[in-house]
Amino acid sequence: IDGIGSTEMGHSAFEIAHRLGSDRYGRCVGKPYPFAAVALLDLDTGELVPDGEVGHVALKSPTLAPGYWNDSVTTFRTRFAGYYLTGDLMHRDSAGYYYHVDRAVDAVDLGGGNWLYTALSEERILVSCPDVRDCTVVAGHQDGHVVTDVLLMLEPGADTGADRGAAVREALGGPAAATLRQITVAN
């Protein structure tokens with residue numbers, strides 16, 4: 001099978017129902033099904049992370065395939081302490097609800113315990129800038145420092161010359177905003 005992402009994971013590990021009066025939207029994926037054992041792990045220590053902290057999603061479930069077909073290396077890399085590592089990063093609240101933050105490969109360590117979560121940042125930019133139809137946040141290293149570029153695709157008729165810098169920086173948040181190198185508007 002291909003790796004389990006947040007969409008597929010929702011069908012094999014988590015359940016959530018929205019009813020009149022629901023207040024958990026956004027990145028909430030719900031609570032684990034009774035048959036799924038979900039742990040949020042710090043892969044450096046092997047320890048569970050406490051509520052509110054971001055950890056790697058580790059899963060034990062009868063819905064998982066035993067491994068990758070003819071690819072024992074990938075199968076081995078996705079196993080940790082008897083769990084399957086989904087490649088996702090989440091945090092859990094004190095009520096037991098889980099919230100998807102990003103894919104692990106898309107998260108950028110900014111140092112000092114600070115992280116740039118690109119998926120979360122893109123959503124925050126879209127909320128902060130109503131005239132932006134889509135955006136991409138890309139981070140990399142330049143001269144030993146993390147630099148972040150933001151590409152914006154605007155709604156038809158939006159002002160291509162408008163300064164969206166303050167809104168983008170606020171959406172990124174302090175440590176990530178400090179890495180912002182450029183904002184590019186795609187035509």
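The values are calculated or read from the model by the stated rules, or taken from the named source; none is laboratory data. Fair warning: this is a prediction, and the values are worked out from it, not measured in the lab. No Cβ is skipped: glycine too gets one built from the backbone with ideal geometry, and neighbour counts run over all protein chains shown. For accessibility, only protein heavy atoms count, side chains too; no ligands or nucleic acids. Shrake-Rupley method; radii C 1.70, N 1.55, O 1.52, S 1.80 Å.
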**Request:** Would you mind computing, in nm to one decimal, how far apart the modelled labels at residue 178 and residue 42 are, each placed 7 Å from Cα along Cα→Cβ?
**Result:** 2.1
**Message:** If every alpha-carbon in segment 7-103 counts as one equal scatterer, what log10 I(q)/I(0) does Debye give at q = 0.10, 0.11, 0.14 1/Å?
**Reply:** -0.27, -0.33, -0.52
**Among 167, 32, 98 - extreme Cα towards positive end, dipole of the chain, charges at beta-carbon** = 32
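Just check the chain against the gyration tensor rule for me: Cα atoms, a ≥ b ≥ c as the square roots of the eigenvalues, rounded for a/c under 1.5, and otherwise prolate or oblate depending on whether a/b exceeds b/c.
It is prolate, given that a/c is not under 1.5 and a/b is the larger ratio.
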**Request:** Which order do the peptides 165-173, 41-49, 86-94 take when ranked by the mean count of other beta-carbon atoms within 10 Å per residue, highest first?
**Result:** 86-94, 165-173, 41-49
**Request:** Please give the per residue accessible area of segment 64-187, computed with a probe of 1.4 Å over protein heavy atoms only, in Å².
**Result:** 57
**Request:** Can you figure out the FRET efficiency of residue 155 with residue 35, using R₀ = 45 Å and their beta-carbon distance, to the nearest 0.05?
**Result:** 0.55
**Fill in**
Carbon and sulfur atoms account, in whole percent of the 1.4 Å probe accessible area of the chain, for 52
**Asked** Relative contact order of the chain: what whole-number percent is it, with Cα pairs under 8 angstrom and at least 6 residues apart?
**Response** 15
**Request:** With r as the distance between the Cβ atoms of residue 145 and residue 93 and R0 = 35 Å, compute the FRET efficiency 1/(1 + (r/R0)^6) and round to 0.05.
**Result:** 0.55
**Fill in**
The long-range amide H neighbours of residue 49, using H built 1.01 Å from N in the peptide plane and a cut-off of under 5 Å, are 40, 41, 42
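Which residues make up the longest stretch of the chain that has no chymotrypsin sites (Phe, Trp or Tyr not before Pro) in a DSSP loop with at most 13 other Cβ atoms within 10 Å?
The longest uninterrupted stretch comes out as 70-187.
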